[in-house]
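Asks: The structure follows.
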Amino acid sequence: MAFDLKRVLKVMLFASSGPLSVKDIQTAVSRFHEQATSLPLEDVPAEGAPEAPAELPAAVAATPVETAESAIATPEDDEFYRDVPTLITAAEIREAMEVISQEMQAAASETVLVEGPTGWRLATHPRFARWVRLLRNEPPPVRLSASSLETLAVVAYRQPVTRAEIEQIRGVSAEAGITKLLERELVYIVGRADLPGRPIQYGTTEAFLEFVGIKSLDELPASDVLSPRQIDAWLQTSANPRGAGDADMGLDETEEDQMSLPQGTEAAPVEAAPAEKPQGV
């Protein structure tokens, strides 16, 4: 039986207590080869050392000595371990993980393979999540309100961002939303802005990436509305308001002013009415 990377990855995913990264897998392969080269091929007694007795007592010889691994080992295991490559590339690992994920989806498995920012992990399929909560006696998850989601979106696209900037963008208080997001560990305090008063700045956490199902912030969908350039323009406009023009009022700026005259046309002079003569003159 040749070395099967996919089967090995399944075992590692099952035994791992946290996300399994490419580095974790490559480290395990390196440890395998280090141990394989350090173990002696056969036990040879040192020169001058007393040799073991040729025959053991019958009671001892009749007692099988087996470890947990040797109890279920088969002759094919030796060939399996000899075929382990010295290096497994990240591309090979990702390809094998993709095959495992597709096989789970095709078989409608109770578990799914989830790739997060720090690696892969096995998770319960959402349709069976309720049974897990019943087993653990956990309450159902609380959904984020629309206000919290809006605040989270501003932090995700604008970070690092202060509470004043969030409130200026949304036009309402963001204190309750930020508090809720901090409790859910979706945002955290990045530091303080180099502004008067040194306001606190907020950013998203790795839990946020898992919450939205992406591996990095680069995978966020493009948004012209929440882009830094658009937000900067909003902030500048709100700080320096201007008077409303025709475009703001919904008027067509291409139409000529109805009160203006065509070019080349002079306005006719307005004749003054003759003044009335006083009586008796």
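Asks: Please specify each residue of region 74-123 satisfying the condition of being among the polar types (S, T, N, Q), out of contact with any strand residue (DSSP E or B) (no Cβ under 6 Å at 6 or more places or on another chain) and at pLDDT 90 or above.
Replies: Selection gives T89, Q102, Q105, S109.
Asks: At least 2 residues that are among the aromatic types (F, W, Y) in each: list the helices (runs of 4 or more DSSP H) lying fully within region 101-175 that qualify.
Replies: Where helices (runs of 4 or more DSSP H) fall fully within region 101-175, none carries at least 2 residues being among the aromatic types (F, W, Y).
Asks: A164 - would you say it is more than 17 Å from L209 (Cα to Cα), touching a helix residue (DSSP H, G or I) at 6+ places or on another chain (Cβ under 7 Å), in the same structural domain as R198 (by TED's automatic domain parsing) and not charged (D, E, K, R)?
Replies: no
Asks: Could you list, in sequence order, the residues of region 1-33 that are in a loop (DSSP other than H, G, I, E, B) and hydroxyl-bearing (S, T, Y)?
Replies: Hits for region 1-33 are S16, S17, S21.
The rows are residues; the columns are (1) in the same structural domain as F211 (by TED's automatic domain parsing); (2) under 28 Å from G177 (Cβ atoms).
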site	(1), (2)
P117	no, yes
H125	no, no
F128	no, no
R133	no, yes
N137	no, no
Q159	yes, yes
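Asks: Would you be able to say whether some residue in region 102-110 is within 28 Å of R7 (Cβ to Cβ) and either touching a residue at least 24 places away in the same chain (Cβ under 8 Å) or acidic (D, E) (or both)?
Replies: Looking for residues that are within 28 Å of R7 (Cβ to Cβ) and either touching a residue at least 24 places away in the same chain (Cβ under 8 Å) or acidic (D, E) (or both), one finds at least one in region 102-110, hence yes.
The values are calculated or read from the model by the stated rules, or taken from the named source; none is laboratory data. Being a predicted model, the structure only gives us computed values, none of them experimental. Counting neighbours? That spans all protein chains shown, and the Cβs are built from the backbone with ideal geometry, glycine included.
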